[in-house]
1. Check whether at least one residue in the stretch 102-109 is farther than 24 Å from residue 2 by Cβ, touching a strand residue (DSSP E or B) at 6+ places or on another chain (Cβ under 6 Å) and at pLDDT below 90, and report yes or no.
2. Mind listing whichever residues of the stretch 3-29 are surrounded by 14 or more Cβ atoms within 10 Å (Cβ to Cβ) and of a type outside the set (Val, Ile, Thr)?
3. Being out of contact with any Pro (no Cβ under 7 Å at 6 or more places or on another chain), part of a loop (DSSP other than H, G, I, E, B), on the phi < 0 side of the Ramachandran plot and surrounded by fewer than 13 Cβ atoms within 10 Å (Cβ to Cβ) is the requirement here; does residue 32 meet it?
4. Report, ordered by the first and then the second residue, all pairs with beta carbons closer than 8 Å, sequence separation of six or more or different chains, a first member in the stretch 121-133 that is free of Cβ contacts under 8 Å to residues at least 40 places away in the same chain and among the hydroxyl-bearing types (Ser, Thr, Tyr), and a second member that is surrounded by fewer than 18 Cβ atoms within 10 Å (Cβ to Cβ) and assigned to a helix (DSSP H, G or I).
5. Can you name the residue in the stretch 35-53 that is in a strand (DSSP E or B) and among the charged types (D, E, K, R) and is also farthest from residue 2 (Cα to Cα) among such residues?
6. Looking only at the stretch 130-147, filter to residues that are loosely packed, with under 10 Cβ neighbours inside 10 Å and out of contact with any Ser or Thr (no Cβ under 9 Å at 6 or more places or on another chain); which one of those is farthest from residue 25 (Cα to Cα)?
7. Just wondering, is there one or more residues in the stretch 1-19 that are of a type in the set (A, V, I, L, M, F, W, C), in a strand (DSSP E or B) and over 27 Å from residue 133 (Cα atoms)?
8. Can you tell me which condition residue 42 does not meet? The list is (1) of a type in the set (S, T, N, Q); (2) crowded, with 16+ Cβ neighbours inside 10 Å; (3) over 28 Å from residue 120 (Cα atoms), and all the others hold.
Amino acid sequence: MIPIEVNTPASLETFTKQLRASGLPYEDLSKDQHVLIGYYENEKLIGTGGIEIYEDYGLIRSVSITAANRGKKLGSQIAYHLIDKAKEKNLTGLYLLTETAKDFFLKIGFETIDRHAVAKPVLSSSEFSHVCPVTATCMYLHLKKSC
């Protein structure tokens, strides 16, 4: 699986088409304002992932796997790749909202938190303000800084 950053209108269209197929929000995504990554195998998009950056924090978005590729642990590879990207950018932590993947993210180290505990810059995101319902589970992963 090869990660390729979304940086053209065509790659953004392919990315959002996969999100539509997965039932994930895509209308507010922009290749200029988000770190969006398509994951390819043999030049075919098989997964997606992204991070919105708000000061010292990131918000994970758009983690999906094509239906034909589910069950191969690719979701874990994408999540860990996004965590590594966040560390490269020296972020303090990562937030996410999910309606369906709480157990998946718990297994890779995220914890469930109350929405009121979210850093203020992240609360201003479209995800928190209107894209995800208030019933979505809010999660956080603290990124340990190395000495």
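The values are calculated or read from the model by the stated rules, or taken from the named source; none is laboratory data. Just so it is clear, the structure is predicted and the values come from calculations on it, not from any experiment. All Cβ positions, even for glycine, are placed from backbone atoms using ideal geometry, and neighbour counts span all protein chains on display.
1. No, that holds for no residue.
2. 3, 11, 12, 15, 18, 19, 22, 24, 25, 26, 28, 29
3. When the stated conditions are applied, residue 32 passes them.
4. 129/123
5. Ranking the candidates gives 52 first.
6. 147
7. Yes, the stretch 1-19 contains at least one residue that is of a type in the set (A, V, I, L, M, F, W, C), in a strand (DSSP E or B) and over 27 Å from residue 133 (Cα atoms).
8. The single condition residue 42 does not satisfy is (2).
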